[in-house]
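Structure first, then comments.
The values are calculated or read from the model by the stated rules, or taken from the named source; none is laboratory data. Note that the structure is a prediction, hence the values are computed from the model and not measured. Counting neighbours? That spans all protein chains shown, and the Cβs are built from the backbone with ideal geometry, glycine included.
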């Protein structure tokens, strides 16, 4: 059986407990065993690379404890997937560039905070199939992204709030490889309310996690 590791914490404004509980429930309904930890010590398990198929960080900002960054990097290089959403994965551990190299992106701004915007699916990948345009009422993430990412969805900034980014097209869902591991990220999913208001977000995240699991 595939087994997922969720470690959660950090800034409480991103609702790490409720969002990860919703994701865990969907994963379990897909036959995945899920371990959830409210601390980072689980990352220091010497059997991390053999015990889990995917690591799911849900930890906005903060810092990784000593040895955890190296443990994640080692596990992903060895084939363990890493997957997540919003700030829980890509506004995490801001000073850890090694972690950012793995994930393929880092949050830098959300102009206007909670606004209405659209996400366009730009791939026929099975993770996003059946969807075309998602209408979102939440934070529109502006990110620094790795050019090697395989982009599955984008958003466009209209310049109403920051005129100098008018027309900028920003990747917001992507997948990539790191070593032998598969990486998936979705910039949506600010709180559990976002999952409830736009259930497509939760569906895409769960599909992405299932894809990222070690083969």
message = Looking at segment 201-213 only, could you name the residues that are touching a strand residue (DSSP E or B) at 6+ places or on another chain (Cβ under 9 Å) and surrounded by fewer than 19 Cβ atoms within 10 Å (Cβ to Cβ)?
response = 211
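Kindly provide the set of residues from segment 109-122 that are part of a strand (DSSP E or B), under 21 Å from residue 12 (Cα atoms) and in contact with a strand residue (DSSP E or B) (Cβ under 7 Å, 6 or more places away or on another chain), ordered by number. Full working, then the answer.
First pass over segment 109-122, keeping only residues part of a strand (DSSP E or B): 109, 114-121.
Retained after the next criterion (residues that are under 21 Å from residue 12 (Cα atoms)): 109, 114-115.
Hits for segment 109-122 are 109, 114.
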task = Select from segment 6-23 the residues that are surrounded by fewer than 20 Cβ atoms within 10 Å (Cβ to Cβ) and either part of a helix (DSSP H, G or I) or within 14 Å of the chain's Cα centre (by Cα) (or both) and list them in ascending order.
result = 12, 13, 17, 18, 21, 22
key: Criterion: in contact with a strand residue (DSSP E or B) (Cβ under 8 Å, 6 or more places away or on another chain) and either assigned to a loop (DSSP other than H, G, I, E, B) or closer than 30 Å to residue 68 by Cβ (or both) - qualifying residue of 129, 106   = 106
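Being assigned to a loop (DSSP other than H, G, I, E, B) and closer than 27 Å to residue 77 by Cα is the filter here, so list the residues in segment 173-215 that pass it.
Taking segment 173-215 and keeping what is assigned to a loop (DSSP other than H, G, I, E, B), we get 179-180, 187-191, 198, 213-215.
Hits for segment 173-215 are 179, 180, 187, 188, 189, 213, 214, 215.
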query = Quick one: which of 67, 79, 31 is surrounded by fewer than 22 Cβ atoms within 10 Å (Cβ to Cβ), over 25 Å from residue 141 (Cα atoms) and either in contact (Cβ under 8 Å) with a residue 60 or more places away in the chain or within 14 Å of the chain's Cα centre (by Cα) (or both)?
reply = 79
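Are any of the residues in segment 82-103 farther than 21 Å from residue 26 by Cβ, touching a strand residue (DSSP E or B) at 6+ places or on another chain (Cβ under 8 Å) and in a strand (DSSP E or B)? So that I can check it myself, show each step before the final result.
Start the filter on segment 82-103 by keeping residues that are farther than 21 Å from residue 26 by Cβ, which leaves 91-103.
From what is left, the residues that are touching a strand residue (DSSP E or B) at 6+ places or on another chain (Cβ under 8 Å) are 91-94, 99-103.
Narrowing further to those that are in a strand (DSSP E or B): 92.
Among the residues of segment 82-103, at least one is farther than 21 Å from residue 26 by Cβ, touching a strand residue (DSSP E or B) at 6+ places or on another chain (Cβ under 8 Å) and in a strand (DSSP E or B), which makes the answer yes.
Could you please let me know if residue 187 is surrounded by fewer than 24 Cβ atoms within 10 Å (Cβ to Cβ) and within 21 Å of residue 17 (Cβ to Cβ)? Explain how you work it out, then say what you get.
Working: surrounded by fewer than 24 Cβ atoms within 10 Å (Cβ to Cβ): no; within 21 Å of residue 17 (Cβ to Cβ): yes.
No.
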note = Restricted to segment 125-162 and to residues being farther than 24 Å from residue 212 by Cα and loosely packed, with under 13 Cβ neighbours inside 10 Å, the residue modelled with the highest pLDDT is 135
message = Looking only at segment 163-177, how many residues end up being over 15 Å from the mean Cα position of the chain (by Cα) and surrounded by 14 or more Cβ atoms within 10 Å (Cβ to Cβ)?
response = 3
